[in-house]
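The values are calculated or read from the model by the stated rules, or taken from the named source; none is laboratory data. In this text, all values refer to a predicted model and were calculated from it rather than measured experimentally. So basically every Cβ, Gly included, is an ideal-geometry build from the backbone, and we count neighbours across all protein chains shown.
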Amino acid sequence: MSRPESGAQVIEPHALAFDGFRWHARAFCRRDGVLKDFLLSRILEARDSGLTESASADDRAWQEKIELVIAPHPGLSEAQTRVFEMDYAMEEGVARIPVRRALLHYALKRLGLDTDPDARAPRDQQIVLVNRDEVMAALGA
């Protein structure tokens with residue numbers, strides 16, 4: 001969706017990832033010269049394009065993991081807090097979720113952590129990102 005016109009591209013995929021809704025191929029894009037995600041549902045044709053120029057080890061965003069530290073929203077009641085601690089198998093009030101940096105945007109969106117927790121009521125935003133500054137820095141935001 002980054003270009004108004006569709007067209008053939010040569011990509012060098014090295015991994016598949018499911019974001020909770022859709023499948024993506026993590027690949028080097030020869031046209032743009034960068035590693036990025038391609039939705040499998042938008043790939044209309046595939047064929048062998050020869051030798052690859054990139055290696056999965058070169059994809060630092062894929063290799064690097066970021067830890068999401070989540071906790072129940074502080075605005076929840078004690079009983080509600082216990083429910084979410086059980087839902088997410090929290091220990092000492094937090095859960096730690098390792099995420100590849102390349103998939104960080106998808107994980108935050110899927111968990112509803114991609115917006116400011118104060119923008120939604122605690123019943124709508126049941127968990128919060130404890131290490132928000134660190135995670136946002138990893139996103140480049």
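Step by step: first the residues of the stretch 12-51, then only those that are of a type in the set (Lys, Arg) and either outside any strand (DSSP E or B) or touching a Phe, Trp or Tyr at 6+ places or on another chain (Cβ under 6 Å) (or both), then the one that is nearest to residue 101 (Cα to Cα). Which residue is that?
The extreme case among them is 26.
Being under 8 Å from the mean Cα position of the chain (by Cα), of a type outside the set (A, V, I, L, M, F, W, C) and modelled with pLDDT of 95 or more narrows it down to one residue among 96, 101; which is it?
101
Checking the conditions here, which among 59, 32, 114, 48 is within 14 Å of residue 11 (Cβ to Cβ), modelled with pLDDT under 95 and either among the small types (Gly, Ala, Ser) or touching a helix residue (DSSP H, G or I) at 6+ places or on another chain (Cβ under 8 Å) (or both)?
Within the list 59, 32, 114, 48, the selection yields 59.
Using the structure shown, decide if residue 27 is loosely packed, with under 10 Cβ neighbours inside 10 Å, closer than 28 Å to residue 134 by Cα, without any contact (Cβ under 8 Å) to a residue 40 or more places away in the chain and not assigned by TED's automatic domain parsing to the domain that holds residue 117.
no
Among the residues of the stretch 124-140 satisfying the criterion of being touching a helix residue (DSSP H, G or I) at 6+ places or on another chain (Cβ under 8 Å) and in a loop (DSSP other than H, G, I, E, B), which is modelled with the highest pLDDT?
So the residue we want is 126.
I want to confirm something. Restricting to the stretch 2-24 and keeping residues that are over 18 Å from the mean Cα position of the chain (by Cα) and under 26 Å from residue 110 (Cα atoms), which single residue is surrounded by the most Cβ atoms within 10 Å (Cβ to Cβ)?
By that ranking, first place goes to 3.
Take the residues in the stretch 52-70 that are out of contact with any Phe, Trp or Tyr (no Cβ under 7 Å at 6 or more places or on another chain) and assigned to a strand (DSSP E or B); name whichever of them is surrounded by the fewest Cβ atoms within 10 Å (Cβ to Cβ).
67
Return the only residue of 96, 132, 100 being among the basic types (Lys, Arg) and under 24 Å from residue 27 (Cα atoms).
100
Looking only at the stretch 83-98, which residues are small (Gly, Ala, Ser) and farther than 19 Å from residue 125 by Cβ?
89 - this is the single residue of the stretch 83-98 that is small (Gly, Ala, Ser) and farther than 19 Å from residue 125 by Cβ.
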